[in-house]
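Here's the structure we're looking at; comments come further down.
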Amino acid sequence: MARALSKSTTPSNNLSFCCLETDDSSNGSSTSRRCTAGISSICRRIDNQNGQEEKGDSKDAGKLTVALMYYAEPAMLLRQLENFVSYPEALRQKIVLLIVDDGSPEPSLTASTYITQDHRAKLDIRNAYIQQNTPWNTPGARNLAFHVATTDSVFMIDADLLIPVETMEKAAHLADLSSSPEAIHTGFIAHQFNRTRPSGEYKVHPSAMLLDVSAFWLSGGCEEDFSGHYGSEDSAFWYR
């Protein structure tokens, strides 16, 4: 179950180039690399053609990437980070937190401005920044998340969804099962989650999803023809 926060309506931005920052908690350093391929050339790649390794062989095997979509909402980001930091240490060790900043204005509203050393000490945080400005680029941001993920499974959430510890523990357990060698021939994970709105309404949230990376690319990824327009990309993805 995911708990929804209130959120203002703000356009997001698209990928032409991205900078991926990876923190090395062991020595306090960070490294970055630049992706120069347009995401439209990535989203059609299938299975291992997108650079992902076989199940159980990835660098972070057994871990779960939590991909957080972000655009110029620092208060929500800080709320999310506080929630992740509050998880038990054993659970935090199983999570790679990938924050996809969809072109927030630099430097005042970018995600990296609000990630503190304390956050980095307690969480494995990786930050991807999308530089080209295209409104409502949720499909491109999600494709980027699955392209750079180093785990076999990704838990995709929006910035206005807080994930309770019980839900995250179950998601991490499912991801661990999926990445085991015994699970190679048992099919893919494609799971949606219910949420509780501030009004008390309880229903499935289409953009909160736990997916195997291979399953995401076999489905064709998110359709970037929807970029530049609000809505419908979730329905199109789940229909496929």
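Side notes on the structure shown:
- Note on segment 100-175: enclosed helices (runs of 4 or more DSSP H) holding 1 or more residues that are closer than 18 Å to Ala215 by Cβ are 138-148.
- Leading residue by the ranking (nearest to Met168 (Cα to Cα)) among those in segment 110-121 that are free of Cβ contacts under 8 Å to residues at least 40 places away in the same chain and buried (at least 17 other Cβ atoms within 10 Å of the Cβ): His119
Every read-out reported here was derived from the displayed coordinates using simple, explicitly stated rules and does not represent laboratory data. On a predicted model such as this, the values are computed, not experimentally measured, just so you know. Positions of Cβ are backbone-derived with ideal geometry, glycine not excepted, and every protein chain shown enters the neighbour counts.
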